[in-house]
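The values are calculated or read from the model by the stated rules, or taken from the named source; none is laboratory data. Since the structure is predicted, the reported quantities are computational estimates derived from the model, not experimental observations. Positions of Cβ are backbone-derived with ideal geometry, glycine not excepted, and every protein chain shown enters the neighbour counts. Side chains are part of the model used for accessible areas, which takes the heavy atoms of the whole protein and leaves out ligands, DNA and RNA. Shrake-Rupley method; radii C 1.70, N 1.55, O 1.52, S 1.80 Å.
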Amino acid sequence: MPLARYLADYQTRLSSAADPIRATGMAAYMKHHFAFLGIPTPDRRKMVAHIELAAKKELQSAQLLALAALLYSQNEREYHYCALDLLHRCHGLLSAADWPQIEAMIIQHSWWDSVDTLAAKIVGPLVKREPALLARMDELIGHDNLWLRRTAILYQLGWKADTDQARLFKACLANAADPDFFIRKAIGWALRQYARTAPAAVADFVARHRAQLSPLSQREALKHSQSQ
């Protein structure tokens with residue numbers, strides 16, 4: 001099926017379920033950064049699941065990325081979410097050669113919802129399979145684009161015992177002085193998640209670098225230990 005037909009299938013399914021009243025509230029929740037059709041996530045995923053399954057079966061990685069780019073070029077945010085869900089479902093087909101397109105998506109229509117999905121569900125698994133990409137993740141720690149830096153902090157979220165502790169702590173410390181809320185929150189979140197696996201190591205890291213880490217990052221990092 002040509003990519004244009006995949007896009008048309010998405011458009012037919014999603015446009016038929018548009019809810020202008022709900023769309024207004026969804027846009028407000030996202031600070032009016034994006035237009036919405038007004039489709040709740042569970043409903044959206046059900047109505048396009050067959051398209052994703054067909055794409056995974058029929059398309060190669062370059063075509064999948066091209067389809068994701070087509071979806072990302074649409075105005076409404078639900079299409080962007082569809083692109084992310086598609087890549088998540090098919091992430092096993094991606095390779096290091098696909099990294100430039102994925103990095104481009106991180107800085108397009110950037111906001112916490114899309115970047116966090118890319119970081120944890122697409123970038124993380126890809127880097128784990130393709131360790132040659134670790135060098136690029138190290139470079140992104142100091143990138144001018146805050147969303148690329150957030151990705152470099154968060155991509156190990158699902159790695160648990162496989163987390164590269166030294167890399168995680170380096171990324172957090174390198175960005176600790178950044179005043180941006182999204183960076184400080186990412187540091188805390190990444191540390192809090194790793195604390196599920198290595199609570200003593202995280203507690204020690206926070207204690208040793210209390211002067212550098214923001215109060216927000218510290219609170220988030222120690223949230224689980226403080227509640228016990």
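I'd like to check something: does the stretch 205-220 contain any residue that is exposed (fewer than 14 other Cβ atoms within 10 Å of the Cβ) and of a type in the set (G, A, S)?
Among the residues of the stretch 205-220, at least one is exposed (fewer than 14 other Cβ atoms within 10 Å of the Cβ) and of a type in the set (G, A, S), which makes the answer yes.
What is the one condition in (1) closer than 13 Å to A83 by Cα; (2) free of Cβ contacts under 8 Å to residues at least 60 places away in the same chain that D19 does not satisfy?
Checking D19 against (1) closer than 13 Å to A83 by Cα; (2) free of Cβ contacts under 8 Å to residues at least 60 places away in the same chain, the one that fails is (1).
Does the stretch 16-57 hold any residues that are in contact with a strand residue (DSSP E or B) (Cβ under 9 Å, 6 or more places away or on another chain) and open to solvent by 30 Å² or more (accessible area, probe 1.4 Å), and which are they?
Residues satisfying the conditions are A18, A35.
Report, by residue number, each residue of the stretch 138-160 that is surrounded by fewer than 18 Cβ atoms within 10 Å (Cβ to Cβ), under 15 Å from A120 (Cα atoms) and among the small types (G, A, S).
The one that is surrounded by fewer than 18 Cβ atoms within 10 Å (Cβ to Cβ), under 15 Å from A120 (Cα atoms) and among the small types (G, A, S): G158.
Would the stretch 161-171 turn up any residue that is farther than 19 Å from Q101 by Cα, open to solvent by 20 Å² or more (accessible area, probe 1.4 Å), touching a residue at least 12 places away in the same chain (Cβ under 8 Å) and of a type in the set (K, R)?
Yes, because at least one residue in the stretch 161-171 is farther than 19 Å from Q101 by Cα, open to solvent by 20 Å² or more (accessible area, probe 1.4 Å), touching a residue at least 12 places away in the same chain (Cβ under 8 Å) and of a type in the set (K, R).
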